[in-house]
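Below is one structure; the comments refer to it alone.
The values are calculated or read from the model by the stated rules, or taken from the named source; none is laboratory data. Worth saying up front: this structure is predicted, and the values here are computed from it rather than measured. No Cβ is skipped: glycine too gets one built from the backbone with ideal geometry, and neighbour counts run over all protein chains shown.
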């Protein structure tokens, strides 16, 4: 079952990974909760949480969806995503992203942008 998926290179039992995914998907993901319920080390928990976050970001960047409409409230932001380098002290380059969420449906979109000025965001 692991072959051909991101589970393939994992050195953790598949049953434990499925349990972790269940906790993560249901927002039961505090490190204290996961330490108690999985018995994994803190470093392993942090790595898997970051890995899943990166998978989600990649999915939304590759497959953006339109959101909103009449009667919908939305939020937008422009974060910068970087690769994490533990204790290196170096500033790393990253990717600026314009994204948003529909508060009612929880649909989101993310679009990578090079220029953070208004012109590319409003289609000028």
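Points to keep in mind about this one:
- Qualifying residue in the range 46-57 (condition: surrounded by 11 or more Cβ atoms within 10 Å (Cβ to Cβ), in contact with a strand residue (DSSP E or B) (Cβ under 8 Å, 6 or more places away or on another chain) and outside the structural domain of residue 110 (by TED's automatic domain parsing)): yes
- Residue 11 vs. criteria at pLDDT 90 or above and at negative phi: no
- In the range 15-40, residue modelled with the lowest pLDDT [restricted to those that are within 16 Å of residue 53 (Cβ to Cβ) and outside any helix (DSSP H, G or I)]: 29
- Against the list (1) in the same structural domain as residue 111 (by TED's automatic domain parsing); (2) more than 21 Å from residue 27 (Cβ to Cβ); (3) at pLDDT 75 or above, the condition residue 75 fails is (2).
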